[in-house]
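Just below is one structure, and these are the notes that go with it.
The values are calculated or read from the model by the stated rules, or taken from the named source; none is laboratory data. All figures in this text were calculated on a predicted structure; none of them were measured in a lab. Don't worry about glycine lacking a Cβ; one is built from the backbone with ideal geometry, like all the others, and counts go over all protein chains shown.
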C-alpha cells in the first residue's frame with residue numbers, strides 16, 4: 001500500500017472581516033457539492049477568486065476558465081475541503097442554493113463585510129438621468145438573488161443594523177429579484193460596506209460607484 005500524500009490544511013473558520021466577505025461570495029457566486037466535499041466559485045472577475053483563495057490560504061490553487069456557451073467565459077476555482085463544506089452548511093448554505101437560500105448565521109459585527117461580498121459577487125450599481133425632472137440624476141445599489149427569502153432576510157438585517165433606517169425595496173428584475181437602495185440610502189449602505197479602509201473588495205465595482213457618486217455631487221452644485 002503506497003504512502004498517502006500530504007493532507008490539505010484545514011481552513012480557519014474564525015470569523016474575520018475577510019472570512020465574512022468570502023462567505024458573501026459563496027452566498028452569491030459559490031456552489032457546494034452534493035457530495036459534501038467539493039466547493040467551487042465561478043465569477044467573471046478573476047480578482048474575486050484571487051481574494052477568496054488568499055483569505056482561505058489556498059493561493060496555490062489554479063484559477064481555471066469555464067465556458068458559458070455563448071462565446072463568453074467566466075473564471076472558476078474548485079477545491080475539496082470537507083470541514084469547510086460542513087461549516088458553510090452549518091451557517092445555512094446548501095447545495096443548489098440559488099432559489100432556496102434564506103437566512104444565514106452571520107455575526108452582527110461582520111454583517112456588512114458579508115453584504116459587501118454578496119454585492120461584489122452578485123450585486124450592481126447603476127445610474128441614469130430621470131427624464132421626468134430636469135437635471136435629476138438617479139442611482140441604485142442593488143443586491144440580486146433568485147430567492148425571495150434571502151433578499152427579505154438581507155433587507156431586514158440591513159435595516160436592523162443601520163443607524164440610518166435603510167428600508168430598500170424588493171422588485172422583479174429582468175431575470176432575478178433585486179433588493180434596491182436609491183440615492184441617499186445607497187450612499188449610506190455603501191458607507192457601511194466600506195467603513196473599513198482595509199476592506200477587501202472588487203476594484204472595478206468600487207470605481208464605478210465612486211464615479212457615480214462624483215457625478216451626483218457635481219450635479220447637486222449646478
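What number goes with the only condition from (1) under 30 Å from residue 213 (Cβ atoms); (2) surrounded by fewer than 20 Cβ atoms within 10 Å (Cβ to Cβ); (3) at pLDDT 95 or above; (4) in contact with a strand residue (DSSP E or B) (Cβ under 9 Å, 6 or more places away or on another chain) that residue 129 does not pass?
(3)
Check off (1) under 22 Å from residue 106 (Cα atoms); (2) without any contact (Cβ under 8 Å) to a residue 60 or more places away in the chain; (3) surrounded by 15 or more Cβ atoms within 10 Å (Cβ to Cβ) for residue 149 and give me the number that stays unchecked.
Exception for residue 149: condition (3).
Inspect all residues belonging to the range 138-158 and state whether any of them is touching a strand residue (DSSP E or B) at 6+ places or on another chain (Cβ under 9 Å) and part of a loop (DSSP other than H, G, I, E, B).
Checking the range 138-158: at least one residue is touching a strand residue (DSSP E or B) at 6+ places or on another chain (Cβ under 9 Å) and part of a loop (DSSP other than H, G, I, E, B).
Please work out if residue 164 is surrounded by 13 or more Cβ atoms within 10 Å (Cβ to Cβ) and touching a helix residue (DSSP H, G or I) at 6+ places or on another chain (Cβ under 9 Å). Explain how you work it out, then say what you get.
Numbers: surrounded by 13 or more Cβ atoms within 10 Å (Cβ to Cβ): no; touching a helix residue (DSSP H, G or I) at 6+ places or on another chain (Cβ under 9 Å): yes.
Answer is no for this residue.
Just give me the residues in the range 172-195 being over 23 Å from residue 216 (Cα atoms), modelled with pLDDT under 95 and outside any loop (DSSP other than H, G, I, E, B), in sequence order.
Going through the range 172-195, the residues over 23 Å from residue 216 (Cα atoms) turn out to be 172-177.
Filter again for modelled with pLDDT under 95, leaving 172-176.
Of everything in the range 172-195, just one residue is over 23 Å from residue 216 (Cα atoms), modelled with pLDDT under 95 and outside any loop (DSSP other than H, G, I, E, B), namely 172.
Given the structure, is residue 84 part of a strand (DSSP E or B) and farther than 19 Å from residue 120 by Cα? First the steps, then the outcome.
Numbers: part of a strand (DSSP E or B): no; farther than 19 Å from residue 120 by Cα: yes.
Taking the combined requirement at face value, the residue does not satisfy it.
Would you tally the residues in the range 188-222 being touching a residue at least 12 places away in the same chain (Cβ under 8 Å), more than 22 Å from residue 111 (Cα to Cα) and loosely packed, with under 11 Cβ neighbours inside 10 Å?
So the count comes out to 1.
So which residues in the range 104-125 are touching a strand residue (DSSP E or B) at 6+ places or on another chain (Cβ under 6 Å) and surrounded by fewer than 18 Cβ atoms within 10 Å (Cβ to Cβ), if there are any at all?
Answer for the range 104-125, where residues must be touching a strand residue (DSSP E or B) at 6+ places or on another chain (Cβ under 6 Å) and surrounded by fewer than 18 Cβ atoms within 10 Å (Cβ to Cβ): just 124.
Give the residues of the range 65-81 that are at pLDDT 90 or above and outside any loop (DSSP other than H, G, I, E, B), sorted by residue number. Walk me through it before giving the result.
Keep residues of the range 65-81 that are at pLDDT 90 or above, which gives 65, 74-81.
Correct list: 65, 74, 75, 76, 77, 78, 79, 80.
Do the conditions hold for residue 101, that is, is it surrounded by 16 or more Cβ atoms within 10 Å (Cβ to Cβ) and assigned to a loop (DSSP other than H, G, I, E, B)? Explain how you work it out, then say what you get.
Numbers: surrounded by 16 or more Cβ atoms within 10 Å (Cβ to Cβ): yes; assigned to a loop (DSSP other than H, G, I, E, B): yes.
Yes; evaluated as a whole, the condition is true for this residue.
Count, please, the residues in the range 17-64 that happen to be buried (at least 19 other Cβ atoms within 10 Å of the Cβ) and assigned to a loop (DSSP other than H, G, I, E, B).
Residues meeting the conditions: 1.
How many of the residues in the range 209-222 are modelled with pLDDT of 95 or more and in contact with a strand residue (DSSP E or B) (Cβ under 6 Å, 6 or more places away or on another chain)?
Selection size over the range 209-222: 2.
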